[in-house]
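**Student:** Handing you this structure, nothing more for now.
The values are calculated or read from the model by the stated rules, or taken from the named source; none is laboratory data. Since we're looking at a predicted model, the values are computed, not measured. A quick note on method: Cβ atoms are made from the backbone with ideal geometry, for glycine too, and the neighbour counts reach across all protein chains shown. With ligands, DNA and RNA removed, areas are computed over all heavy atoms of the protein, side chains included. Shrake-Rupley method; radii C 1.70, N 1.55, O 1.52, S 1.80 Å.
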Amino acid sequence: MPKGFYLFLITILLFSVNSSYAKESENENAPTDLKSEIKAYILHHLEDTHDFNLLSYTDDTSGEKVYVGMPLPVILWDEGLKIFSSSKLKHGKNVVEAGGNYYKSYHGKIYKTDAQGTIEYDDSHHPTNVKPLDFSITKNVVSILFTAIIMLLLFKGLADSYNKNGMIAKGVGRFFEPIVLYVRDEIAIPNIGEKHYKRFMSYLLTLFFFIWFLNLLGLTPLGINVTGNIAITFALALITFIITNISGKKTYWKHIFWMPGVPVLMKIVLAPIELLGVIIKPFSLMIRLYANISAGHIVLMSLISLMFVFRNWLGSSLSFALAFSISIIEILVALLQAYIFTVLSALYFGFAVEEHDDHDDH
Amino acid sequence: MDKLISEFSFGLFFWQLLIFVFLLLLLKKFAWKPILDTVNERESSIKEAMNKAEAAKKEMASIQEDNQKILKEARAEREALLKEARTNGAEIVAQAKTDAQAEADKVIAQAQESIQNEKRAAINELKNQVAQISLEIAEKVIDSELDSKDKQAKLVDKLIKDASL
């Protein structure tokens, strides 16, 4: 029963983190009612963190918050490279001195402060301190690295198994071979065309599995939310954008600046719209993935939190059933979003490499 | 939107771009290229095998057709041979019959001729014998007629008497 086990883990984890959060909020001046606390917790989860925490609790004897997890290196560029362990930040409680400068973490972001760690706020309670360039190996970076290593091992293994077994896949790769073929036969070839698809295969395959694996990783109880981060989806969409425009052929640019088959006036009107479309296409990719995954996480966590809001057997078990079904749907969404991102990228590449002859018949 | 921009972490973007591009290059070299090459190779070998099987099937069919044709031809030839043999046989029999008839006729003719010859020879022989016998009888008769003087005298008388006629 892996699914049941997985949900059990989620529940256990969320329960432990949630309860500790409740205790923490008593110490601080944070909102104390359960609902706003849940909201804060969910928003906190959606963000990247400087350390890889699995759970946290408050030590009863000392009254201090204890975090279970591992610290990660913080790398700052602030008039030179500053590297220190995230454990020194103590989740925003400590001021860290590195290379003569002082840094403090506030709501997951690192600010440059004075030796006392003073953070100044503007009218809307946003810190006005200087933010140094943060190249830290955050939780998301670790997750990306982990996924990259898994992918390398998995697909290198698949490639090697062909050599050992005379063109027949063996091991875990056997499961992924049909998916590789699916990406080729159902995503790349129909959208790009038999002639040009080969050039884009490596990117499409990497993209598809990268998004899919990270989406799935986001559903594990490790509290990872990589593909629901705008920087990640921006990077992916940017690569699609660059590849599309680098491989753009004559027909592609002609369709943007001088749309064939329409009156001259329309050509002039269409040019800026089409030009805008060049940006909007990858932009929609970025927002779609970000929004879908974030929304999935928010819905799932809200439903799990509802169990603690209701605190009775009927409401809580109903929320549990709902959370269970949503998490199954999320497994599907994980695959679907990877598929959509890949298909649309392939479609844009298809537009870019489309040749004049292909156009005449539609 | 404001929140999205404030949330945007340049560091994460940087790492994501770096790791992704590295991953892409490594996977391309060590995984995607060998995988796709192998799969393509496998597919083309399957296609080739299918084509070969199809060709073999076609060849088989054509061989079978040839066989059928040869069999048919052989049958027709046998038919023709049999027919020819039959007509030949009849001809031979007819020929033999006529030949036999001719021979028989010849033999009969020869027999008749030889019979005629024999008959003629026999007649001749008979004639000769009859003449011989007649001579002998005449001799004997003469002998017996002239064995006494009176008779001789009588004969002479007679002959003289005849002669003087």
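**Student:** Restricting attention to helices (runs of 4 or more DSSP H) lying wholly within the stretch A:244-362, give those where 3 or more residues are hydrophobic (A, V, I, L, M, F, W, C) and open to solvent by less than 30 Å² (accessible area, probe 1.4 Å).
**Tutor:** Once the helices (runs of 4 or more DSSP H) in the stretch A:244-362 are filtered for at least 3 residues that are hydrophobic (A, V, I, L, M, F, W, C) and open to solvent by less than 30 Å² (accessible area, probe 1.4 Å), what remains is A:264-310, A:313-353.
**Student:** For the stretch A:311-325, name all the residues that are under 17 Å from residue A:41 (Cβ atoms) and either among the aromatic types (Phe, Trp, Tyr) or touching a helix residue (DSSP H, G or I) at 6+ places or on another chain (Cβ under 6 Å) (or both).
**Tutor:** Scanning the stretch A:311-325 gives A:319, A:323.
**Student:** Among the residues of the stretch B:49-71, is any part of a helix (DSSP H, G or I), within 14 Å of chain A (Cβ to nearest Cβ) and surrounded by 10 or more Cβ atoms within 10 Å (Cβ to Cβ)?
**Tutor:** Yes, because at least one residue in the stretch B:49-71 is part of a helix (DSSP H, G or I), within 14 Å of chain A (Cβ to nearest Cβ) and surrounded by 10 or more Cβ atoms within 10 Å (Cβ to Cβ).
**Student:** Kindly indicate whether any position in the stretch A:227-238 is open to solvent by 20 Å² or more (accessible area, probe 1.4 Å) and more than 9 Å from chain B (Cβ to nearest Cβ).
**Tutor:** Within the stretch A:227-238, not a single residue is open to solvent by 20 Å² or more (accessible area, probe 1.4 Å) and more than 9 Å from chain B (Cβ to nearest Cβ).
**Student:** Under the condition of being polar (S, T, N, Q) and facing chain B (nearest Cβ under 9 Å), which residue from the stretch A:104-150 is nearest to residue A:42 (Cα to Cα)?
**Tutor:** It comes out as A:140.
**Student:** Say whether the condition of being surrounded by 15 or more Cβ atoms within 10 Å (Cβ to Cβ) and small (Gly, Ala, Ser) is met by at least one residue in the stretch A:69-77.
**Tutor:** yes
**Student:** When both residues are 6+ apart or on different chains and their Cβ atoms are under 6 Å apart, which pairs have a first residue that lies in the stretch A:260-284 and is over 21 Å from residue A:240 (Cα atoms), and a second that is in a helix (DSSP H, G or I)?
**Tutor:** These pairs meet every condition: A:271/A:257.
**Student:** Here is a further query. Would you check if residue A:156 is more than 24 Å from residue B:41 (Cβ to Cβ), crowded, with 18+ Cβ neighbours inside 10 Å and of a type in the set (D, E, K, R)?
**Tutor:** Spelling it out, it is not the case that residue A:156 is more than 24 Å from residue B:41 (Cβ to Cβ), crowded, with 18+ Cβ neighbours inside 10 Å and of a type in the set (D, E, K, R).
**Student:** Are any residues in the stretch A:175-212 crowded, with 22+ Cβ neighbours inside 10 Å and either within 8 Å of chain B (Cβ to nearest Cβ) or on the phi > 0 side of the Ramachandran plot (or both), and if so, which ones?
**Tutor:** Listed by number, the residues that qualify are A:180, A:201, A:203, A:205, A:206, A:210.
**Student:** In addition: Here are some residues: B:23, B:18. Which one is more than 8 Å from chain A (Cβ to nearest Cβ) and not acidic (Asp, Glu)?
**Tutor:** Selected residue: B:18, the only one of B:23, B:18 that is more than 8 Å from chain A (Cβ to nearest Cβ) and not acidic (Asp, Glu).
**Student:** So which residues in the stretch A:53-72 are in contact with a helix residue (DSSP H, G or I) (Cβ under 7 Å, 6 or more places away or on another chain) and either within 14 Å of chain B (Cβ to nearest Cβ) or without any contact (Cβ under 8 Å) to a residue 12 or more places away in the chain (or both), if there are any at all?
**Tutor:** A:72
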